Amino acid sequence: MINKIEKKKFENILKELDNFKNKDFDFSSGKIIGSMCTKPHDISIQGYIKFIDTNLGDPELFPGTYEIEVYLKNFILNLLNAPKLAQGLIVSGGTEGNITAMWLAKKLSKKNEIILSKSAHFSFKKIASLMNMKLITIPLTKEYIIDIKKVKNKINDNTAAIIGIAGSTELGTIDSIPQLSDICLDENIFLHVDAAFGGFVIPFLKKINYKTTDFDFKLKGVNSITIDAHKMGYSAIPLGVLAIRKQNWLNKISVESHCTNSEKQTGILGTRSGGPVAAAYAVSKFLGKKGYSKLIGDCMNLTRYIESEIIKIGLELIIKPEMNVIGVKIKNLDYVNKKLSDLGWKVNKINRLSCLRIVVMPHLTKKSIDEFIPILKKVCKESGEI
Ligand SMILES: Cc1ncc(COP(=O)(O)O)c(C=O)c1O
């Protein structure tokens, strides 16, 4: 029970929070067009709230929440064609998934070099710094994917892992993971696939008959995969999964856990909310593979529409998008991006490629794109771009 004064205080704090929230940009406005996140599905939001007070760092206290975690991991392992002995680890997102994968690769190989492409996510820079590992960066081909020949040249006695990207942060490109898989099998090297973005896209692209690249455990050389539910899984932040080929590898990244009810704790985090797990469970149950296929199909249809509208106004794309990520060539990048931002349109800029990045997430609609394109055209005309 709270008294009158406390009630007033309570209400005032909520009002204060609303004021802060009102300063934020809102996915529902349709004007956030460069983010890899989205407003979670309603069922995901409701599921989250129900489990806000649970702690998966102590599963003995929360056996129901733990059951949800097991279900969710199995859903994702199945999506990734994982073999029977595989296992999943819930992580906070792509960064933690990649860090944990490299922790494992380093432990298994006792080596410390990571071969990866120029378009790998910057989380690998954190990994190099945190774990004293060395990044061997490979240039991209003209398709903006890792150059396989150059990968072969860089393998040596110190190679701990090779990274394949399935849905790059910059352009949504997919490396030739089948070829990387063959190389890693031949050379006995750990192959980690960063599918933080593409993990919830590529399996469904296949189902709706888009031509795409294999990236999952069907390829025998793939040892681990990062996949995020808080990106294209339509779920709440923070939720990713690191899927690994062999359950017993978990021993390498486990420690004895005194003061909890379990003997061991695996992975980086200790206390972990069950909220995001329940959120991802709820949306994966609600949509199922059929629902996700429809969602991805809709995002791809809108992607194709945006591509054609952008070309119509005289701009060029960096490459034909393989998934729902579009890179638009812009010479006067800072000016165009700032102008769009001042007008309320939040696109991302990729300086390295001199392009604007549009990510066609579920909150985008044809209506908002039809509003955006004339504004983009006007801004590009002003800057002398077109
Ligand atoms: C391919 C890829 N990997 C990893 C990450 C990092 O994910 P997070 O920001 O969820 O840690 C991202 C984020 O955009 C990504 O695109």
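Here, each number is a calculation from the coordinates, and none is a lab measurement. Keep in mind it's a predicted model, so treat the numbers as computed, not measured. Cβ sites come from the backbone with ideal geometry, for glycine too, and all protein chains shown count toward neighbours.
Values for this structure:
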read-out	value
Rounded to 5, the percent of DSSP beta bridges in segment 43-284 classed as antiparallel	45 percent
Amide hydrogen neighbours beyond the local backbone of residue 348, cut-off 5 Å, H modeled	34, 357
Of 244, 45, 313, the one that fluctuates the most in a GNM where the chain has Cα springs shorter than 10 Å	313
Gaussian network model of the chain, springs between alpha carbon atoms under 10 Å - residue of 133, 102, 361 with greatest fluctuation	133
Computed FRET value (nearest 0.05) for residue 312 with residue 257, which takes r as the C-beta separation and R₀ as 56 Å	0.45
Choice from 153, 98, 19 showing the highest fluctuation, given a GNM over the chain with Cα pairs closer than 10 Å	19
Charged-residue dipole, Cβ positions (Lys, Arg, Asp, Glu), the chain about Cα centre, Debye nearest 20	560 debye
GluC sites (Glu not before Pro) within segment 296-386: DSSP coil, no more than 15 neighbouring Cβ in 10 Å	316
Calculated FRET value between residue 320 and residue 206, using beta carbons and R₀ = 25 Å, to 0.05	0.90
Span from the segment 307-386 Cα centroid across to the segment 189-219 one, whole angstrom	26 Å
Backbone HN-Hα couplings from phi across segment 28-34 [Karplus 6.51/-1.76/1.60, Hz, Gly and Pro as x]	5, 5, x, 9, 8, 10, x
Hz values of 3J(HN,Hα) by residue in segment 380-385 - Karplus curve (6.51, -1.76, 1.60), Gly and Pro given as x	5, 5, 4, 8, x, 5
Cα extents of segment 205-262 along the three principal axes, largest first (Å)	50, 31, 11
Gain upon complete extension [residue 18, residue 135; 0.36 nm per residue less C-alpha separation]	37.7 nm
Loop sites in segment 72-142: chymotrypsin sites (Phe, Trp or Tyr not before Pro), DSSP, at most 10 other Cβ within 10 Å	122
Local electrostatic count at residue 371 - Lys and Arg +1, Asp and Glu -1, tallied over other residues with Cβ under 13 Å	+3
Peptide ranges 154-161, 253-260, 66-73 listed from the most packed, as the mean C-beta count within 10 angstrom indicates	66-73, 154-161, 253-260
When each of 150/264; 294/320; 312/346; 211/289 is checked by Cα-Cα distance, pairs over 30 Å	150/264
The chain - percent relative contact order, Cα under 8 Å, separation 6 or more	23 percent
Contour excess over end-to-end distance, with Cα ends at residue 354 and residue 329 and 0.36 nm allotted per residue	8.4 nm
For segment 67-108 and segment 251-306, distance of Cα centres in Å	9 Å
Long-range HN-HN contacts of residue 93 with modeled amide H, under 5 Å	240
For segment 207-213, Karplus couplings with θ = phi - 60° (6.51, -1.76, 1.60), whole Hz, Gly/Pro x	5, 9, 6, 7, 6, 8, 9
Counting all C-alpha pairs of the chain, share separated by more than 32 Å (%)	38 percent
